[in-house]
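Right, one structure below, let's go through it.
What follows is calculated from the coordinates using simple rules that are stated; it is not laboratory data. Just so we're clear, the structure is a prediction, and the values are computed from it rather than from any experiment. Every residue, glycine among them, receives a Cβ derived from its backbone with ideal geometry; neighbour counts consider all protein chains shown.
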């Protein structure tokens, strides 16, 4: 752009992080300076009929967002379109750690992929029943960046599909009692029942099988879409009169720059550490006219988790854009502010993974509730954190009496000196990838602050069991908060709390410590739409929440803990952007993540 005396550049993106996180002051990167939106940034309104990431991955809590944003509309409305894939199942088929020099032969596909294909077949037949004969229908399969693996997967899918086609051709016209003896047909019926498709259309299974299934299935093709085949593999234009029905198998070539027409089913098992990459791979976002009730996304559990995190980051980005507009800030000023948000550190660290750069950044803590939803999973650390929390409660009880607040259902200690808070925060051990909560940086911030008196609380949860916690002269009995706890196989020694919600406490838990009339006033003032920030008002005490969590997903045969302790820190918003100095050693972070999370952005031919 510097070649012209006058030029204008307009960029429209659904993946804004790369542009906003550019440092416009970096004189060494001319391309970056061109890409930074120095003149204006604006949020385009989302059309009512667009099914975006927030409607699929949102946590359903519209209270988390400002009324001005369209990001609060129908959060999580399509959560039931997500079908989690177990990591253990996938890892036995697709090995992300393998190198291209190692021979790789895929002999079968996972049961969950077969289920997704059966669902696509049924959905396609339902569309025929609805007389959408000429509409394109697509299924996406994205399980590897390697072209060889993509082609092998496509071959196996084609064999699997041909078996179903043959059985439907030969047996679909038989009475159901006879045709159900055929395995491929009975498995289709199982999927029909599992997803309650009899509630979607007004027709019984036998009539549906005989009139629609084979006709809908016989035209389905399998295509590989990668560097070898190119985008021409999806030649929708040549099928404009009859509608293309395709299962498209590929990697990054398939996920970027291509529109999959009539995308009904997605099967996605990829691991990447880049926010923008995850958003770019989201082909399932879009318009689903006439089949909003049919589309499904099969996805690894950890990817669902990260998408949930990304949606929070994107919605927060929108909120800051609205504030920028109201305050007449320039994009340069806005970019600095966004880069100081706690969630920004995760974006930056991920994008620096291949460079080994040390990341140092002031992070805004004012008006924030910072938590520890990612913890180390070894017994020694779990036991040490529990002992630390128990000793902390006993210690502060020597000089402060606790009371039980029935309105917020919590045990509360008031006006605890910051020295005690510093001690527990500095010693509490989180997983290194829990970047929002850096114990040393936060302890140093509290030490240098004027936050001299704190409220400490233990929320009382919904568990039927109780955990005894000794105070100075008695014992309180706490009902733990019920939370999902699971190991994240992409990260070494990590336990995730509460899945893709990425939360320890409930939304608005920062109200604990406030008087009942103050809480009611805030709720009324904000039309009952109150997030954590809403309650972190000026002149209140900062808040330390000590969460006692019970594993709601504990199985008899796993080694997961039943009880874990976690922390939350709430910092009041006094109108000043106060920051803690965070430091991330990217080299150290690499030691805590599996190689599968560091895959390249581009397809690799891998033609052994």
One finds, for residue 107 and residue 465 with R0 = 35 angstrom and r their Cβ-Cβ distance, a FRET efficiency to the nearest 0.05 of 0.15
FRET efficiency for residue 227 and residue 9 from the Cβ-Cβ distance with R0 = 35 Å, rounded to 0.05, comes out at 0.75
Full extension from residue 449 to residue 517: what is 0.36 nm times the residue separation minus their Cα-Cα distance, to one decimal in nm? 21.6 nm
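For 431, 477, 547, 237, which order do you get if you count the other beta carbons within 10 Å of each Cβ and list the fewest first?
237, 477, 431, 547
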Could you sort 238-246, 521-529 so that the peptide with the highest average Cβ count within 10 Å comes first and the rest follow in order? 238-246, 521-529
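With contacts defined as alpha carbon pairs under 8 Å and 6 or more residues apart, what's the relative contact order of the range 408-535 in percent? The partial results should precede the final answer.
Working: 157 pairs, mean separation 25.6, N = 128.
It comes to 20 percent, rounded to a whole number.
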Can you give me the relative contact order of the range 485-573 as a percent, contacts being Cα pairs under 8 Å and 6 or more apart? 28 percent
Based on other C-beta atoms within 10 Å, arrange 146, 160 from fewest to most. 160, 146
Test of understanding: ordering 324, 369, 180 by Cβ neighbours within 10 Å, fewest first, what list do you get? 180, 324, 369
Once fully extended, how much extra length lies between residue 426 and residue 528, figured as 0.36 nm per residue of separation less the alpha-carbon to alpha-carbon distance? 33.2 nm
Of the peptides 399-406, 220-227, how do they stack up when ordered by the mean number of other Cβ atoms within 10 Å, highest first? 220-227, 399-406
In terms of the Cα gyration tensor, with a ≥ b ≥ c the square roots of its eigenvalues, is the range 459-531 rounded because a/c is under 1.5, prolate because a/b exceeds b/c, or oblate? oblate
Give me the distance in nm between label points sitting 7 Å out from Cα along the Cα-to-Cβ direction at residue 322 and residue 242, one decimal. 5.0 nm
Once you order the gyration tensor axes a ≥ b ≥ c over the Cα atoms, which shape class does the range 383-442 get: rounded for a/c under 1.5, otherwise prolate or oblate by comparing a/b with b/c? prolate
Classify the range 421-472 as rounded, prolate or oblate, taking a ≥ b ≥ c as the square roots of the eigenvalues of its Cα gyration tensor: rounded when a/c is under 1.5, otherwise prolate if a/b is larger than b/c and oblate if not. oblate
